[in-house]
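A short write-up of the structure that comes next.
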Amino acid sequence: MSVKSDVLRFLLESNGEYISGEAVAEKLGVSRMSVCKAVQSLIADGYEIESSKRIGYRMKCLDVLSEETIRGNLDENIGIYFYKETDSTNNRAKELAIKGERTPFVVVAERQSGGKGRLGRSFSSPKGGLYFSICLSGKDVPDVDLITTSASLAVAKTIESVTERDVGIKWVNDLYLDGKKFTGILTEGIVNLEEGGLDKAVIGIGINYSVPLSSYPEELLSIVTSLYPDGKAPATRAEVIARCVEAVIDIQNKEYLDEYRKRCFILGKNLFVLRAGDKREAFAKAIDDKGHLVVS
Ligand code: BTN
């Protein structure tokens, strides 16, 4: 542990109250100057820290998203790659996977400049949202067909426990609250052509968490929502990401399709099916054991 990460930990643990630089220096067995340098370096990294010569330092905003705050909440066997901004965490995760980085790992970004959605769409990724991609070895994915459905249910349950509100799933990978989408999932795979089958899976998850609604284009507001648009969330972004990552890894070896079916609000409804540029009306009858939608 470096002085910087220790100072960060003290600041976060003091819940927005001032802590004296002298007391921190004494606890860490370092000089006050080292503590001051660590604070300056944290400010340069973007942490909002208030300092007063008389009373010390305090963290102005406790919802800090960084490698350290994610690590504080996440199982130590899961690797973390953190970016303040990147085009797409799925792209970074695939690069790392191809380089042979040890799995499981997660790539997290505070915002994305080129967030990708399904079917070649873009995914709006302003600050306040949770954007992360989990990379698993193909060996840890018992059923490739079910990766997206399993991740959808794991994230739905995690968000439900945070918000204490009912989360619905629109087959196959969209999570809804009060009729509006707040989460999308994009799964990509790396195939091993020699051995055949899935080498690595990248599960990219985007959650509109504490994004002000003004951050979204006007035309999206009738279909998209944010869980805490005023920023008053009950759990930090780091905590929610860590809980989702662990839930997605955990669900892989479980039976869960019946629970998924119960949450899937399109079953028993008429809908439009898009296939190869063709759009036709159909009735959503069931979800089969491979997670496929059965229509008539
Ligand atoms: C969709 O709704 O069509 C899927 C959206 C998936 C967005 C997430 S955000 C993290 C990861 N990185 C991306 O570029 N996309 C996924």
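So which of GLY46, GLY16 ends up being outside any helix (DSSP H, G or I), modelled with pLDDT of 90 or more and under 28 Å from the mean Cα position of the chain (by Cα)?
GLY16
Are any residues in segment 96-110 within 13 Å of the ligand (Cβ to nearest atom) and either among the aromatic types (Phe, Trp, Tyr) or over 22 Å from ALA238 (Cβ atoms) (or both), and if so, which ones?
Residues satisfying the conditions do not exist here.
Considering (1) surrounded by 14 or more Cβ atoms within 10 Å (Cβ to Cβ); (2) within 22 Å of LEU11 (Cα to Cα); (3) polar (S, T, N, Q), say which one GLN40 fails and leave the rest.
The one condition GLN40 does not meet is (1).
Could we say that PRO234 is surrounded by 14 or more Cβ atoms within 10 Å (Cβ to Cβ) and either in contact with a Pro (Cβ under 7 Å, 6 or more places away or on another chain) or more than 13 Å from VAL106 (Cβ to Cβ) (or both) here?
No: the conditions fail for PRO234.
Identify all residues within segment 267-283 that are under 19 Å from GLY168 (Cβ atoms) and outside any strand (DSSP E or B); write none if there are none.
Of everything in segment 267-283, those that are under 19 Å from GLY168 (Cβ atoms) and outside any strand (DSSP E or B) turn out to be LEU267, GLY268, LYS269.
Within segment 63-80, is even one residue within 16 Å of the ligand (Cβ to nearest atom) and assigned to a strand (DSSP E or B)?
yes
Please indicate, with yes or no, whether at least one residue in segment 260-276 is over 28 Å from PHE82 (Cβ atoms), touching a Ser or Thr at 6+ places or on another chain (Cβ under 7 Å) and away from the ligand (no atom under 16 Å from the Cβ).
Taking every residue of segment 260-276 in turn, at least one turns out to be over 28 Å from PHE82 (Cβ atoms), touching a Ser or Thr at 6+ places or on another chain (Cβ under 7 Å) and away from the ligand (no atom under 16 Å from the Cβ).
Could you check segment 204-227 and list, in sequence order, the residues that are away from the ligand (no atom under 12 Å from the Cβ) and without any contact (Cβ under 8 Å) to a residue 60 or more places away in the chain?
Across segment 204-227, the qualifying residues are LEU213, SER214, GLU218, GLU219, LEU221, SER222, THR225.
Hey, could you check segment 81-123 for residues that are surrounded by fewer than 19 Cβ atoms within 10 Å (Cβ to Cβ) and of a type in the set (Gly, Ala, Ser) and say which is modelled with the lowest pLDDT?
GLY120
With THR183, THR187 as the choices, which residue is of a type outside the set (Asp, Glu), touching a Ser or Thr at 6+ places or on another chain (Cβ under 7 Å), in contact (Cβ under 8 Å) with a residue 12 or more places away in the chain and within 10 Å of the ligand (Cβ to nearest atom)?
THR187
Before we move on, is VAL295 surrounded by fewer than 17 Cβ atoms within 10 Å (Cβ to Cβ) and either in contact with an Asp or Glu (Cβ under 6 Å, 6 or more places away or on another chain) or not polar (S, T, N, Q) (or both)?
yes
Residues that are under 16 Å from VAL106 (Cβ atoms), within 18 Å of the chain's Cα centre (by Cα) and not acidic (Asp, Glu): which strands (runs of 3 or more DSSP E) entirely in segment 145-209 hold 3 or more of them?
Strands (runs of 3 or more DSSP E) meeting the threshold: 180-191, 198-207.
State which residue pairs qualify: first residue touching a residue at least 60 places away in the same chain (Cβ under 8 Å) and inside segment 61-90, second residue assigned to a loop (DSSP other than H, G, I, E, B) and of a type in the set (D, E, K, R) in any location, beta carbons under 9 Å apart, and separation of 6 or more residues or different chains.
From segment 61-90, the pairs are VAL64/GLU48; SER66/ASP45; THR69/ASP63.
For segment 191-200, does any single residue satisfy the condition of being within 16 Å of the ligand (Cβ to nearest atom) and under 30 Å from LYS99 (Cα atoms)?
Yes, segment 191-200 contains at least one residue that is within 16 Å of the ligand (Cβ to nearest atom) and under 30 Å from LYS99 (Cα atoms).
Filter segment 111-133 for residues that are in a strand (DSSP E or B) and either within 10 Å of the ligand (Cβ to nearest atom) or free of Cβ contacts under 8 Å to residues at least 60 places away in the same chain (or both) and give the result.
ARG111, GLN112, LYS116, SER122, GLY129, LEU130, TYR131, PHE132, SER133
The values are calculated or read from the model by the stated rules, or taken from the named source; none is laboratory data. Because the structure is predicted, anything quoted here is derived from the model rather than measured. Every residue, glycine among them, receives a Cβ derived from its backbone with ideal geometry; neighbour counts consider all protein chains shown.
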